[in-house]
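The values are calculated or read from the model by the stated rules, or taken from the named source; none is laboratory data. Computed from a prediction, not measured in an experiment: that's the story for all the values here. All Cβ positions, even for glycine, are placed from backbone atoms using ideal geometry, and neighbour counts span all protein chains on display. For the accessible areas, the whole protein counts, side chains as well, though only heavy atoms, and no ligand, DNA or RNA atoms are used. Shrake-Rupley method; radii C 1.70, N 1.55, O 1.52, S 1.80 Å.
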Amino acid sequence: MHLDRGRNAYWAMEEESEELYETAQALLDPGTGSFTDEVSERLEYVGSALLVMNRVTLEPPWRGHGLAAVLACEVITRLMTGCRAVACSPGITDLSSHRLTARAEWDRVNAKIAQGWERLGFRHYRDNVYLLSPASQDLEEQRGALRRHLAELGGSWRAGVS
């Protein structure tokens with residue numbers, strides 16, 4: 001979301017989806033569409049846009065191998081230029097599988113997803129909104145480790161296929 005291009009980003013996010021509206025409520029001023037003063041104080045000025053990781057989907061056969069963090073890191077790195085913040089609301093939004101019927105299992109899976117985002121440098125801000133500052137070195141530090149992990153996964157996959 002470009003916060004400086006005429007249209008009020010708060011209301012644009014409200015129009016788009018409930019998930020984006022919840023993020024807008026936590027981060028943006030409804031009157032201006034810009035970051036609230038509280039959010040602005042937490043972030044270095046490195047741009048004016050907001051990148052929202054609204055929906056990240058990994059097909060079931062690829063889950064559980066550590067790929068989500070690797071791919072998310074690469075996507076964020078490529079898209080965050082000009083952004084002052086990257087936001088996400090970690091958790092399950094796709095209920096099509098219906099496999100998470102017990103609340104304890106739901107909470108466990110959501111906590112695991114949140115831990116993955118925290119590994120990339122996201123920090124809990126408010127409600128279920130997490131923030132990452134592009135000026136932070138956390139993401140870049142994790143990127144090297146995640147790329148090594150991807151290479152190891154590729155090697156083990158090739159060894160298993162041979």
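Take the conditions (1) assigned to a helix (DSSP H, G or I); (2) crowded, with 16+ Cβ neighbours inside 10 Å; (3) over 16 Å from the mean Cα position of the chain (by Cα); P61 misses just one of them, which is (2).
Looking only at residues that are touching a Cys at 6+ places or on another chain (Cβ under 8 Å) and either of a type in the set (A, V, I, L, M) or free of Cβ contacts under 8 Å to residues at least 12 places away in the same chain (or both) in segment 133-149, which one is nearest to L51 (Cα to Cα)?
L139
Output the residue which, of all residues in segment 15-35 that are in a loop (DSSP other than H, G, I, E, B) and over 19 Å from S133 (Cα atoms), is nearest to the chain's Cα centre (by Cα). Per the criteria, the residue is S17. Taking each residue of segment 63-81 that is of a type outside the set (D, E, K, R) and looking for partners that are open to solvent by less than 60 Å² (accessible area, probe 1.4 Å) and in a loop (DSSP other than H, G, I, E, B) with beta-carbon atoms closer than 7 Å, six or more apart or interchain, yields L67/L58; A68/L58; A69/L120; A72/L120; C73/L120; M80/P134.
Against the definition (under 17 Å from the mean Cα position of the chain (by Cα), among the β-branched types (V, I, T) and under 30 Å from S156 (Cβ atoms)), how does T81 come out, yes or no? For T81, the condition - under 17 Å from the mean Cα position of the chain (by Cα), among the β-branched types (V, I, T) and under 30 Å from S156 (Cβ atoms) - is not met.
Filter segment 112-137 down to the residues that are hydrophobic (A, V, I, L, M, F, W, C) and either modelled with pLDDT under 85 or over 11 Å from the mean Cα position of the chain (by Cα) (or both), then identify the one that is most open to solvent (accessible area, probe 1.4 Å).
Filtering segment 112-137 for residues that are hydrophobic (A, V, I, L, M, F, W, C) and either modelled with pLDDT under 85 or over 11 Å from the mean Cα position of the chain (by Cα) (or both), the one most open to solvent (accessible area, probe 1.4 Å) comes out as I113.
Of the residues in segment 36-51, how many are open to solvent by less than 30 Å² (accessible area, probe 1.4 Å) and closer than 20 Å to N128 by Cβ? Result for segment 36-51: 4. Residues in segment 64-78 that are touching a strand residue (DSSP E or B) at 6+ places or on another chain (Cβ under 9 Å) and open to solvent by 40 Å² or more (accessible area, probe 1.4 Å): V75 alone.
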